[in-house]
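Just below is one structure, and these are the notes that go with it.
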Ligand code: SF4
Ligand code: SF4
């Protein structure tokens, strides 16, 4: 039987984010990119790419949240 692949999602607090790009560089599924909209502090924040179920390859591994220096990422995982 095939192993069930866990699905996840993240929420990035765009006002906490300073656009350092660390989360983008570590995501194994390339599920984060840079927003085209500036936040209040004048940074282009990171944004989650998994807007639809078909596009979402996030596994909820939490690597992005662990590396974020500003604790701007919350991770949710299917159980
Ligand atoms: S939880 Fe893992 S797979 Fe999902 S966006 Fe973060 S680093 Fe990528
Ligand atoms: S690691 Fe944190 S502060 Fe840096 S771009 Fe990602 S969400 Fe923003």
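The values are calculated or read from the model by the stated rules, or taken from the named source; none is laboratory data. Small disclaimer: the values here were computed from a predicted structure and weren't measured. Quick reminder, even Gly has a Cβ in these numbers, built from the backbone with ideal geometry, and neighbours come from all protein chains shown.
Any residue at all in the range 33-47 that's surrounded by 16 or more Cβ atoms within 10 Å (Cβ to Cβ) and near ligand 1 (Cβ under 7 Å from one of its atoms)?
Looking for residues that are surrounded by 16 or more Cβ atoms within 10 Å (Cβ to Cβ) and near ligand 1 (Cβ under 7 Å from one of its atoms), one finds none in the range 33-47, hence no.
Can you tell me which residue is modelled with the highest pLDDT among those in the range 63-79 that are part of a loop (DSSP other than H, G, I, E, B) and farther than 14 Å from residue 20 by Cβ?
Looking at the filtered set, the residue picked out is 78.
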